Amino acid sequence: MKKLLASIIAMILAIVAAFGMIACGGPSGDPDIDEDGNTVIKIMFHVDKTSVEGQAYLKRVNAFNLAHKEEKIKAQAIFKARTTGASGYETELINNQIEGTLADIVTFDAPNTAAYAKSGLFYDLSSLVSASEQEKFYSLNKYDGKLYGLPIQESSAGFFYNKKIFRAAGIYDMVQGYTAENPWTFDQFKEVCSRLKTHGTIPVDMRIDATKDEMAPYLLYPFIYAAGGSFTDATGYVATGYYNSAATKSGFQFIKDLIGAGYTSYAIGATDFFTEKVGMYLSSGWTIPDLDNKYRENFASRDDWGLLPYPKGTVAASATGSWSYAITNNHHPDKTNVIKLLNWMTSAESSKAITDATGMIPVRKDVNHGYAVGSPEYTLLKQLELTGKERPVTVAYPVFSTTFNQVIAGLGDGNLDTLLSTATTTLQNEMNRLQNMRG
Amino acid sequence: MLTTTLIILAVFIIAFLGFVVYDLATAKKRKEVYRVKSTLTAYLMLLPAVILAFLFIMLPILYSLGYAFTDYYLLKPNDINFIWFQNFVDFFKELATKGTLYNAIKNTLIFVVGVVPLQIGLALLLALFVNRPGFGSKIFKVCFFAPVVISLSVTSFLWLQILAPGEGGLLNALLGVFGIPPHDWLRDPKTAMPCIIILSAWQGCGYQMLIFLSGLSNIRKELYEAASLDGANWWRKFWLVTWPGLRSTFVYIIITVFIGACRILTQPMLMTGYQDQTVTLSYYMYQQGYTYRWVGYSSAVALLMTIFIGGITLIQRRVFREK
Amino acid sequence: MDKSITQLPNFRPNKKPAKKTVKEVIYHVVGIILSLIFLFPIIYMLATSTKSETAYAESLGSLQMFLPDFANIGTMFENYKSVLVNYDIWKYALNSFLYAAIVIVLNVLVNGLAGYVMAKLRFPGKRLLSFLIIFLIVVPVETSIIPLYSIVKIMLGLKQEMSVIGVILPAAISIFNVFLFTQFFEGVPKEYEEAARIDGATTMGVFLKVIMPLSKPIIATVAVFCFIGVWNDYLWPSMILPAANDGSWPLLPIQTALISIQGMEGITTGEIMASLIITSIPIFIIYVAAQKYIVQGFGTAGLKM
């Protein structure tokens, strides 16, 4: 029995000792070398390996390894799909940063650029990517004048509409004139909604119930820009006077009016557009493959659904910003091989291969996309080129996103002035805190 | 962090040794005999518990206390500076703006004030109801206890479907039968917290019912018989026998339910997200400390909350304890 | 344990038989109504879990909401199949079982040993430890979860797969369980130990051979609480555990999987309900099997604090 006691205690002591050793043995500065003498570069993706998108990444990584066999460089892809969505992947990033196990390249959601860069997670790419190369991207992940990330693919959003319902309501021909080059106005948008309502259909799912994560901010912020409003100044440290300006308010007021008129509501079910209960559905490019493949019984072909751009107020604005690549400030100080992988993954060839798989828009102007004029993909791309405007660049982005969600959730019966002044104060306080932070 | 921990450990060991010496010195006075072998065995057997308790109970408490006075930002663990009472100043400044923090405190108080009497009252009534022989009461007991079995996250998701807005939600569909128009229960500030109070009491009261039952079973039957002989009715028996007999059970339940209610986090987090109508103080702490990464500030809030909960608990003990 | 604890005292039944029957009927009618109020969400959950999205939409507003989809009896368990196969929920459930098993063994050993020492042995410094135990139980210290996170991730440096240790070890110590064990062991008569000591057993021998076999009720109580704690925990594991890398076995426990499933695109109400039921079944079995011990746990020590 004494032996048992001894072994229990030995076991627990061994565990504790093991902690001590892990704690002391931090990561070394040398690059990882595998058994064949290859320098290993790790790249972490936010999707599942078995997904279409994951397979596209994997193919490009394998192609990189084949091309760099002579140089003895080997890229290793890590897939960390947190099924809970973007915030779950963020947990992974933060954990890796704190553990010191960050991969050399990581993917990240564009609006987090400032927060991550300021926290020292990301490596400054300004000198590594030439100005002529930077020119070729539709958008870049910049903060404080420095380049911190290159986008993987672009996304844009718009209003998917049910052509069958539109024909029945007699408004199909009317909306054919509303294109990315010549978007409809706020008033025309309301007119279409009113016709749909008269027809007896719920006009539009604006996704105002999607306020638990980044969905509502991503899809709805363009309305505020379109109304001439804004959220922060160029530095990202001032919200007062922007977030609570009259123009910003009028953008939110437009959405509030839609709710008030019964054109949209918080009670629309997630699948109501696909089951033909709703006429229009605000969503991003990722809905295209769903409509093409998943809902064949209601949407047999593209003759049954189409895509309309964002409506314009005083100006035209549309959603942009998708996931991007960044090189991390991890324990490998030498970035020469890492940049080769980054260039490979953002090349025209990779960009085309990945967007062909995902249905998203290529990030580079030099990619021959081959979209037919008037197709949903073409509308999204043109919209991106002409009216795309990124979400506010601020270190306080997580707080911005929360306050935006709070305003949207409160639009239904809350007082808009109160909502916006609370949101502004909260965001401004956070900005002040971050600005005063040392380092 | 390792250095700080080692210093804390050293302080602990020195303090403990101090007490050991004190105990040894006063052993004779207390007529206590310590044997070397028995003492060594005791220390050895305590070691696993002491190591784990030090690492995962004492250290988090001490660090939380310490962080409350620093500017610890989650992503900068190597750059922690003392800023003394700045976090507390920020706390009260934030409170003055009547923003999310104000709502968090308000909602937490509403929840506590609502759920503690409701849950305990229900539990007591149900316990008295099923506290009789017979097959029926046994079945009822299982029925009342059933919601306890499903965890808080399951409860939250279940009620999210029940309270769904529009005609797709169970509650709205039920009310629709009587011609009542659908309501957005969780988004309306007037109904959001009451709904969460009701579903929490529904989920939890079966557990306290069991504790009350265990308390009831410890009351001696003779007391009831004596009361019956005196011609006492049900109500008098309750006041004279049952209630005094349940007093210690009641103190235990009110303290545990109160502490649990103050820490409410799961329901709003899973059901509505970070929204003003349902945000609670624990949720606020989590959001500030983890999502926004202000560990120092979050720890300061935790410290204030400890003082608040501890104070109320102390008052509860004073008020309800037997004289 | 002494039997009277599980037996409930009898209120004296009334003497007149007719009045008694009326009372009984009223009692049972009230009981059934109350039970239905308590059970309707669960009945709804069970019923919905058998329905397809269209069947669910049709059932709303009628009594069908609370009845299983008997019309399509062949496909009644489609949702369960889909949740188990497509979302791999069984892997997460197995993780939770494994974590719970390890936590239970460690928790009983570590806290049982400590409780035994505090109850039976004399050593200098004991009064300080007793004070600390009472202090930690009585004062509801609110720590934000972050310091524990820092200790696990930064100080102990538990990274990637090793983070599992960070899920298990903090759950292996519980001051309240030490207290429960101490209370219980204080009630064990000295004679048992002395008899063993005369046979030459060591302190550890006495603990394992004499005390532990006598302590089955308290061990069962502690084990049940451990299991429920581990099974229902989601925030802490989801903070520290890594996501599964490309199709390898996940490390996350069941509740985090549950939360992932809720957020999936295109999940139906029926599938949500099926996943909720699958998650609840083990806890249900545990409660039914161990209800006696849960009540006893409070009977022995819980109320004396």
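The values are calculated or read from the model by the stated rules, or taken from the named source; none is laboratory data. All figures in this text were calculated on a predicted structure; none of them were measured in a lab. Cβ coordinates were reconstructed from backbone atoms using ideal geometry, including for glycine residues, and neighbour counts include every protein chain displayed.
Would you point out the residue of region B:128-157, among those that are over 22 Å from the mean Cα position of the chain (by Cα) and crowded, with 22+ Cβ neighbours inside 10 Å, that is nearest to B:GLY176 (Cα to Cα)?
If we take residues in region B:128-157 being over 22 Å from the mean Cα position of the chain (by Cα) and crowded, with 22+ Cβ neighbours inside 10 Å, then B:PHE140 is nearest to B:GLY176 (Cα to Cα).
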Residues in region A:138-174 that are part of a strand (DSSP E or B) and buried (at least 20 other Cβ atoms within 10 Å of the Cβ) total 14
Long-range neighbours under 8 Å by Cβ, at least six apart or interchain, first residue over 9 Å from A:PRO111 (Cα atoms) within region A:390-407, second aromatic (Phe, Trp, Tyr) and in a helix (DSSP H, G or I) = A:PHE404/A:TYR221; A:VAL407/A:PHE252
Looking at region B:11-23, is at least one residue more than 7 Å from chain C (Cβ to nearest Cβ) and in contact (Cβ under 8 Å) with a residue 12 or more places away in the chain?
-> yes
Given the conditions (1) more than 14 Å from every other protein chain (Cβ to nearest Cβ); (2) buried (at least 21 other Cβ atoms within 10 Å of the Cβ); (3) part of a helix (DSSP H, G or I), and given that A:GLU53 satisfies all but one, which numbered condition is not satisfied?
-> (1)
For region C:107-134, name all the residues that are surrounded by 22 or more Cβ atoms within 10 Å (Cβ to Cβ), in a helix (DSSP H, G or I) and either in contact with a strand residue (DSSP E or B) (Cβ under 8 Å, 6 or more places away or on another chain) or free of Cβ contacts under 8 Å to residues at least 12 places away in the same chain (or both).
-> C:VAL117
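Can you tell me which of B:LEU213, B:LEU170 is within 30 Å of A:LEU411 (Cα to Cα) and crowded, with 20+ Cβ neighbours inside 10 Å? Walk me through how you get there before you give the answer.
On the way: B:LEU213 fails: within 30 Å of A:LEU411 (Cα to Cα).
Checking each option against the conditions leaves just B:LEU170.
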Report whether or not B:ASP184 is over 20 Å from B:ARG263 (Cα atoms), touching a residue at least 12 places away in the same chain (Cβ under 8 Å) and touching an Asp or Glu at 6+ places or on another chain (Cβ under 8 Å).
-> no
Look at C:ILE211 and say whether it is part of a helix (DSSP H, G or I), farther than 30 Å from B:GLN203 by Cα and under 26 Å from the mean Cα position of the chain (by Cα).
-> yes
Kindly provide the set of residues from region A:141-169 that are touching a Lys or Arg at 6+ places or on another chain (Cβ under 9 Å) and among the aliphatic types (A, V, I, L, M), ordered by number.
-> A:ALA169
Here the residues within region B:213-231 that are within 27 Å of the chain's Cα centre (by Cα) and part of a helix (DSSP H, G or I) are B:LEU213, B:SER214, B:GLY215, B:LEU216, B:SER217
Where B:LEU46 falls short, out of the listed (1) farther than 24 Å from C:LEU106 by Cα; (2) under 38 Å from the mean Cα position of the chain (by Cα); (3) free of Cβ contacts under 8 Å to residues at least 40 places away in the same chain | (1)
Checked A:THR402, A:THR418, A:THR425, A:THR387 against criteria (in the same structural domain as A:SER301 (by TED's automatic domain parsing), touching a Ser or Thr at 6+ places or on another chain (Cβ under 6 Å) and at pLDDT below 95); the one match is A:THR425
Among C:ALA274, C:ALA244, which is the only one that is modelled with pLDDT under 85 and either more than 18 Å from the chain's Cα centre (by Cα) or outside the structural domain of C:GLY115 (by TED's automatic domain parsing) (or both)?
-> C:ALA244
Return yes or no: is B:PRO165 under 24 Å from C:SER49 (Cα atoms), facing another protein chain (nearest Cβ under 7 Å) and in contact with a His (Cβ under 8 Å, 6 or more places away or on another chain)?
-> yes
Counted residues, region B:291-319 - those being at the interface with chain C (Cβ under 9 Å from one of its Cβ atoms), polar (S, T, N, Q) and surrounded by fewer than 21 Cβ atoms within 10 Å (Cβ to Cβ) | 2
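Residue-by-condition table, conditions (1) in contact (Cβ under 8 Å) with a residue 12 or more places away in the chain; (2) within 29 Å of A:THR232 (Cβ to Cβ):
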{"residue": "A:ALA56", "(1), (2)": "yes, no"}
{"residue": "A:ALA103", "(1), (2)": "yes, no"}
{"residue": "A:ALA114", "(1), (2)": "yes, yes"}
{"residue": "A:SER130", "(1), (2)": "no, no"}
{"residue": "A:GLN134", "(1), (2)": "yes, yes"}
{"residue": "A:SER155", "(1), (2)": "yes, yes"}
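Are there helices (runs of 4 or more DSSP H) fully within region A:375-439 with at least 2 residues that are closer than 22 Å to B:GLY273 by Cα? List them.
On the way: elements: A:376-387, A:397-410, A:416-436.
Result: A:397-410, A:416-436.
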Scan of region B:36-53 for residues that are surrounded by 12 or more Cβ atoms within 10 Å (Cβ to Cβ) and over 30 Å from C:PRO170 (Cβ atoms), ordered by number = B:SER38
Looking at C:ILE137, C:ILE104, which is the one that is in a helix (DSSP H, G or I), modelled with pLDDT under 85, under 22 Å from C:THR182 (Cα atoms) and of a type outside the set (Asp, Glu)?
-> C:ILE137
What number of residues within region C:197-207 are part of a helix (DSSP H, G or I), surrounded by fewer than 17 Cβ atoms within 10 Å (Cβ to Cβ) and within 14 Å of another protein chain (Cβ to nearest Cβ)?
-> 1
Under 9 Å between Cβ atoms, at least 6 apart or on separate chains: pull out the pairs that start in region A:170-190 with a residue that is farther than 23 Å from A:GLU385 by Cα and end on any residue that is in a loop (DSSP other than H, G, I, E, B).
-> A:ASP187/A:PRO311; A:LYS190/A:ALA261; A:LYS190/A:TYR263; A:LYS190/A:PRO311
All but one of (1) at the interface with chain C (Cβ under 8 Å from one of its Cβ atoms); (2) surrounded by 14 or more Cβ atoms within 10 Å (Cβ to Cβ) hold for B:PHE69; which doesn't?
-> (1)
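Among the residues of region C:146-163, write down those that are at positive phi and without any contact (Cβ under 8 Å) to a residue 40 or more places away in the chain. Talk me through it step by step, then tell me what you get.
The first filter runs over region C:146-163 and keeps only residues at positive phi, leaving C:157, C:160.
Within region C:146-163, C:GLY157 is the sole residue that qualifies.
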Matching residues, region B:124-162, being within 14 Å of chain A (Cβ to nearest Cβ) and of a type in the set (A, V, I, L, M) = B:LEU160
Would you please list the contacts, defined by Cβ atoms under 7 Å and residues six or more apart or on different chains, that run from a residue in region A:202-220 that is at positive phi to a residue that is outside any loop (DSSP other than H, G, I, E, B)?
-> A:ARG207/A:MET215; A:ARG207/A:ALA216; A:ARG207/A:LEU219; A:ARG207/A:LEU282
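For region C:65-101, what are the residues that are of a type in the set (S, T, N, Q) and modelled with pLDDT of 80 or more?
Within region C:65-101, the subset of a type in the set (S, T, N, Q) is C:72, C:75, C:79, C:82, C:86, C:95-96.
Result: C:ASN79, C:SER82, C:ASN95, C:SER96.
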